[in-house]
Amino acid sequence: MFVQAQQLRPGWLSDSELQRLTGLSSARQQMFLACRYALRLLLAESAEQLEKWRLSSHSGHAPRVEHGHKCDAPEPMLSLSHSSGMLVCVKAPVAVGVDIEVQKPSRFRDALAIAEFVCSQAERAWLAELTPDAQQRGILQLWCLKEAYFKCIGSGINFSHISEMSWSPVSGDCTVAEGAVTIAYARLWRGVNSEGDNVYLALCTQDRPLPALSPHIDEECLSLAWHEIAEWRLFLPDLTVLN
């Protein structure tokens, strides 16, 4: 989408977007422009209407719509993520967070060691019961879900609280403490790209369980087929507020 973004007339970026852009390296500039183009295409639903949408861009915060939506309509909430040259963006009527992660088979992670820092006791117990290969997949799935949650609440990753929360599939494979409170909902998908890498996609909201969804695949990524892993819920042992 970087190529399409280059074809737009000057002035399609907002002042805050231009300010962000100038502080990035060349490679990151390309991804930034691709993401901003993709967001506008998602909002406008056609390339002809794309340039009328104005978006804010502030470091550490999700993009916001400054201009483009109808005055009598609620502002669409946005979220985006990118990894290893892939990007995903989402709009919704409520706060939403999305994350995408790419797992190369050649890269080995010490899943249980990572889990000591970022996972709850219930999540660590779930991982410990998996085979080593499944642990590689499991830790990245949990990380993807956690990032999506922090994007949903707009705080950035909070390492002080990240191990207090427990993601659990609705199927009940991960046991949480009795009396735990549901604070978010998510759906998680897995795909395999043309290079054989596992790709995980998590979508999170706080309001209610997400309906059955199927990610839309751009024509450039038709070889990537998504398969939903599970519906998930995020629990806290009490009503602790994560700031």
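In terms of the mean number of neighbouring beta-carbon atoms within 10 Å, the peptides 1-12, 94-105 order highest first as 94-105, 1-12.
In summary, region 18-78 shows an alpha-carbon radius of gyration equal to 1.16 times the 2.2 N^0.38 Å reference for compact globular proteins. Spin-label pair V192-E66: with each label point 7 Å from Cα along the Cα-Cβ axis, the two points sit 4.5 nm from one another. Could you check the simple spin-label distance between Q6 and S46, using points 7 Å along Cα→Cβ, in nm with one decimal? In this crude spin-label approximation the distance works out to 2.7 nm.
Segment F159..K104, full-extension length gain: 17.3 nm, with 0.36 nm per residue of separation and the alpha-carbon distance subtracted. With contacts taken as Cα pairs under 8 Å and at least 6 residues apart, region 76-139 reaches a relative contact order of 24 percent. Once the chain from E228 to S25 is taken as fully extended at 0.36 nm per residue, the excess over their C-alpha distance is 69.6 nm. Within the full protein context, the accessible area of I153 is estimated at about 50 Å² for a probe radius of 1.4 Å.
For the residues F108, F235, a 1.4 Å probe over the protein chains yields an accessible-area ranking, largest first, of F108, F235.
Note on the chain: with neighbouring protein chains present and a 1.4 Å probe, carbon and sulfur make up 51 percent of its accessible heavy-atom surface. Counting lysine pairs in the chain that sit 8 or more residues apart in sequence, or on different chains, and whose Cα atoms lie under 29 Å apart gives 10.
The values are calculated or read from the model by the stated rules, or taken from the named source; none is laboratory data. Here the structure is a predicted model, which is why all the values come from computation and not from measurement. Note: ideal-geometry Cβ built from the backbone for every residue, glycine included; neighbour counts use all protein chains shown. For the accessible areas, the whole protein counts, side chains as well, though only heavy atoms, and no ligand, DNA or RNA atoms are used. Shrake-Rupley method; radii C 1.70, N 1.55, O 1.52, S 1.80 Å.
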